[in-house]
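Novice: Structure in structure tokens, see below.
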Amino acid sequence: MILFEKFQYNFRCKFSMPYYKNYIRQIEFIRQLNTKASGLQNKNSSKRVLICIHSFEWGGAERFAFETISYLIEKGIDFHVFVEKKVTLPHEFINTIDSNKITYANEYQKSPKQLLDLIHVYKPNILHIHHSYSSYLALENMPREIFVLDSLHIVEYSNGGYPYLSAEKTRYINLHHVISEGLSDILINQLGVAKHNV
């Protein structure tokens, strides 16, 4: 009888302890959530958006980036813009964006490290790509908690351009935003991007 009780105790200790420890951690986690001591609620409710664009020259990607920035300003959401190619700002951008919210790439399409350094300092929880090659190069080294949204517009160049880059890096992108059914079909049927991510 004593031997059986000892076996029961050892069995319980050996197999139940991890579950018990996990249970205690969950209780502590719920307590912190209820007291807001963990800061998780604030972290998840506040948005910091990093917008990565090719340039301020007018095109489909830039027009949509401008509309995105206008929306963020209207909603009072904190944002910063990483620009790969320095050009003269169109007056719409000049009148809309505070120059302190703009960072220019040191090297055109070759600044993934600079972008990663900016992410480390700015700490965004959303990254919105509008045709930024440096962003694609940096994706695999970005913190996984950042929600990555990639806006795509047209298939261009003989190598497919940005949609092909986007498809190649799809494992690091949470959502591929496209402007047409044709581009959606190319991403899903030709380039193998998961349908639920488009």
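The values are calculated or read from the model by the stated rules, or taken from the named source; none is laboratory data. Please read these numbers as outputs of a predicted model, since none were measured by experiment. Heads up, the Cβs are rebuilt from the backbone with ideal geometry, glycines too, and the neighbour counts pull from every protein chain shown. Each accessible area value is taken on the protein alone, full model and side chains, heavy atoms only, with ligands, DNA and RNA left out. Shrake-Rupley method; radii C 1.70, N 1.55, O 1.52, S 1.80 Å.
Novice: What does the charge count around His54 come to, taking other residues whose C-beta lies under 10 Å from its C-beta (Lys +1, Arg +1, Asp -1, Glu -1)? Walk me through the numbers before you get to the answer.
Specialist: Values: positive: Lys85; negative: Glu57, Glu62, Glu84.
Its environment carries a net charge of -2.
Novice: Go ahead and run the numbers for FRET between Leu116 and Asn189, Cβ-Cβ distance against an R0 of 22 Å, rounding to 0.05.
Specialist: 0.10
Novice: Using amide H atoms built in the peptide plane, which far-off residues or other-chain residues are under 5 Å from Gly161 H to H?
Specialist: Glu156
Novice: Under the classification rounded if a/c is under 1.5, otherwise prolate if a/b is larger than b/c and oblate if not, where does the range 101-198 fall, given a ≥ b ≥ c as square roots of the Cα gyration tensor eigenvalues?
Specialist: On the way: a/c = 2.22, a/b = 1.58, b/c = 1.40.
The shape class here is prolate.
Novice: Per residue of the range 182-198, in order, report the coupling 6.51 cos²θ - 1.76 cosθ + 1.60 (Karplus, θ = phi - 60°) as ³J(HN,Hα) in whole Hz, putting x for Gly and Pro.
Specialist: Each residue of the range 182-198 in turn: x, 5, 4, 4, 4, 4, 7, 7, 9, 9, x, 6, 4, 4, 6, 9, 10 Hz.
Novice: First compute the accessible area of the range 132-198 with a 1.4 Å probe, then give the percent of it belonging to carbon and sulfur atoms.
Specialist: 49
Novice: While we're looking at this one, here's another question. Efficiency by 1/(1 + (r/R0)^6): what FRET value for Glu168 and His196, r their Cβ-Cβ distance, R0 = 22 Å, to the nearest 0.05?
Specialist: 0.75
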